[in-house]
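Here, each number is a calculation from the coordinates, and none is a lab measurement. Just so it is clear, the structure is predicted and the values come from calculations on it, not from any experiment. Glycine also receives a Cβ, built like all others from the backbone with ideal geometry; neighbour counts cover every protein chain displayed.
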Protein chains: 2
Amino acid sequence: MNNKPLIPVLAVFGVGLIGGSFSAALRRAGQVGKVLGVGRNRATLEQARALGLIDEVVTPAEAAASADMLLLSTPVGAMRKLLADMAPHLRDEAIVTDGGSTKQDVIAAARDGLGERASQFVPGHPIAGSEQSGPQAARADLYEQRKVILTPLPENSEDDIALVRSAWEACGACVSQMSAAQHDLVLASVSHLPHLLAFAYMGQVAGAPDAELRLRTAGGGFRDFSRIAGSSPEMWRDILLANRDAVLDELQAVQAVQQQIADAMRTDDAESLLALLTRAAEIRKAWDGR
Amino acid sequence: MNNKPLIPVLAVFGVGLIGGSFSAALRRAGQVGKVLGVGRNRATLEQARALGLIDEVVTPAEAAASADMLLLSTPVGAMRKLLADMAPHLRDEAIVTDGGSTKQDVIAAARDGLGERASQFVPGHPIAGSEQSGPQAARADLYEQRKVILTPLPENSEDDIALVRSAWEACGACVSQMSAAQHDLVLASVSHLPHLLAFAYMGQVAGAPDAELRLRTAGGGFRDFSRIAGSSPEMWRDILLANRDAVLDELQAVQAVQQQIADAMRTDDAESLLALLTRAAEIRKAWDGR
């Protein structure tokens, strides 16, 4: 362990699951000095302080003036204003990063809000969401073996990208890089669409006249399949709207396969049905969470 | 613990996850004397014997002639022939039950195969499937706190129903009863359709040109949502065909909600989108696995 931590002063905007766990993980690794917390809700900030996730509550301007790294872990919709508030005060050496689930819209907001200082913004996305939220959900081990994707801007310095990467690696995460456009397409498929499908499924069950009996009868398959339908509706409204085109394209493609399965069932075509299920099962069984 | 076990001689047809775990759980509870194993695959039967799940390998006729309880835990498609094979040899006191995921088709097979002895058949369904299978997947604790649904026939005796219930309770399960028709409708919603949706989703991901990158990027939400797509394709082909009408009705209803979400996204109707997601999230968060 170094004597000097990687990040002498960290500022976390939004002290919930993502931001609180980033702070807790860096503290556990001995890679952060002081942690400043920024947020709209006083009670949440006090709770984060009581839990030891942050040391001080500050304003966006104060955070910008003193932090070495600033993590935006608020809902994406709140980031534009925070970036504009911090821009005039941001130190030249400071690095801003984020934990947003979509990247192209966050980058647009950063260019708007930070202007020339957008070069100090290294966009990131820890794939470690949960249906839990708030400071009490934060855990020092949340990012262990989890994936973090950075989608750097052309104007980012290599040093800044490397420091953000090191911070996430200190949290135990596996970091990779891709373009923001590619990120949004891939995440539409592996994260946003499964959420849409799980929400739609649970919504239909909720609306059934015998919903009570259904829920009473549901078992382990239901539990895992529908878990993500318990996620924050506000957050997922924003993500689905921010990445609308890609998600709608994926939905259409998946509905086409749903229809192939339905057609095979309707025509009693056991062979085609087996082929469709087998392709899915083989790729799922081969998946190792890599 | 009684000196006399609940089931002096148990016969298990199909010594995989469901049958092997039933035997293991009853053994652990001290509620079974001898366990006979029936199956098509010699190697699987030997493996089950080596694992201590069964004591002897016998034919269907031998099992029928000596067992007090017979559990059919083969694929549903294989049950009709097994029932016909055992029928002429079945003891008057023997109770036959099963672990099939659909009930109306199994009952039809039992009436065909057992004829007048159908009164000795108490249909059941342990909701404890898994993407695992085979004797090595069997566990004495598989049924702990899991749900088992019995769908008795009008001609079943109360004593026989009670004994099957006691056996599952000895395995740690929570047992309830409903009609076979109701079972098949409810399971179409809470089990069969989630499997169809997960298979369709994984099939679409598998077919994407960038499937590799998608799988490499996928995280925890994907993991849980798609887990059941790794289930046995043969078993699920049979279930989807056996319960076709109910599953297709549910699929249509869920696709309608998918379309409502897509329409709200397409028209940028944040309010309707939030309402749709909120209804789903609230009912999922309130679900406690009851």
Requested in this report: Work out the charge dipole of the range A:217-290 with +1 on the Cβ of Lys and Arg and -1 on the Cβ of Asp and Glu about the Cα centre, then indicate which of A:ALA270, A:ASN243, A:VAL257 is farthest towards its positive end.
Outcome: A:ASN243
Query raised in the report: If you bin every alpha carbon distance in the protein assembly as shown into 20 Å steps from zero, what whole percent lands in each bin?
Result: 20, 44, 27, 9, 0
Query - All-pairs alpha carbon distance profile, the range A:86-127, 5 Å steps from 0, percent - result: 5, 26, 33, 22, 11, 3, 0
**Report entry** Per-residue average of Cβ from other chains inside 10 Å of A:231-240
**Finding:** 5
Query raised in the report: What residue of chain B sits with its beta carbon nearest the rotation axis taking B to A, and at what distance in whole Å?
Result: B:ASP224, 2
**Report entry** Shielding of A:266-277 by partner chains, average beta-carbon count, 10 Å
**Finding:** 4
Query - Total lysine pairs under 27 Å (Cα atoms) in the protein assembly as shown, excluding pairs fewer than 8 apart on one chain - result: 16
Requested in this report: Any chance you could list the semi-axes, whole Å, largest first, of the equivalent ellipsoid that the Cα gyration tensor gives for chain B, using √(5λ)?
Outcome: 38, 21, 18
Query raised in the report: Between the range B:2-46 and the range B:79-134, what's the alpha-carbon centroid distance in Å?
Result: 16 Å
Query raised in the report: Can you give the alpha-carbon Rg of the range B:36-109 over 2.2 N^0.38 Å, where N counts its residues?
Result: 1.09
Query raised in the report: How long are the three semi-axes of the equivalent ellipsoid for the range B:7-178, computed from the Cα gyration tensor as the root of 5 times each eigenvalue, in whole Å, largest first?
Result: 21, 18, 15
Report task. Just need the Rg to Rh number for the range B:183-286, please, alpha carbons only, Kirkwood Rh. Result -> 1.00
Query raised in the report: Inter-copy label distances at A:GLU46, 7 Å along the Cα→beta-carbon direction, one decimal in nm, shortest first?
Result: 7.1
Report summary line: Sorted largest first, the C-alpha extents of the range B:21-72 along its principal axes in whole angstrom are 28, 24, 16
Query raised in the report: Which percent of the Cα-Cα distances in the range A:94-171 go past 15 Å?
Result: 58 percent
Report summary line: For A:64-71, A:197-204, ranked highest to lowest by mean beta-carbon neighbours within 10 Å, the order is A:197-204, A:64-71
Query raised in the report: Are there GluC sites (Glu not before Pro) in the range B:14-94 that DSSP puts in a loop and that have at most 12 other Cβ atoms within 10 Å, and which ones?
Result: B:GLU93
**Report entry** Share, in percent, of DSSP beta bridges within the protein assembly as shown that are antiparallel, nearest 5
**Finding:** 15 percent
Query raised in the report: Can you give the charge dipole size of chain A about its Cα centre, rounded to the nearest 20 debye, using +1 on the beta carbon of Lys and Arg and -1 on the beta carbon of Asp and Glu?
Result: 700 debye
Report task. Determine, for each peptide in B:113-124, B:221-232, the mean count of other beta carbons within 10 angstrom over its residues, then list the peptides with the highest first. Result -> B:221-232, B:113-124
Query raised in the report: Where does chain A land at 222 nm, in deg cm²/dmol rounded to the nearest 500, when only DSSP H runs of n ≥ 4 count, each adding -39500 (n - 2.57), divided by all residues?
Result: -15500 deg cm²/dmol
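Report the Rg/Rh value for the range B:105-219, based on alpha-carbon coordinates and the Kirkwood definition of Rh.
Computed over Cα atoms, the ratio is 1.11.
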Requested in this report: Would you kindly work out, in nm and rounded to one decimal, the distances from the label point of A:ASP210 to those of the same position in each other copy, ordered shortest first, with label points 7 Å along Cα-to-Cβ?
Outcome: 4.4
Query raised in the report: For the Cα atoms of chain B, what angle does the longest principal axis make with the long axis of helix B:104-114, in degrees from 0 to 90, nearest 10?
Result: 20 degrees
Query raised in the report: Residues of B:242-255, mean number of Cβ from any other protein chain within 10 Å of their own Cβ, rounded to a whole number?
Result: 3
Query raised in the report: Considering only the range A:7-178, what is the antiparallel percent among its DSSP beta bridges, to the nearest 5?
Result: 15 percent
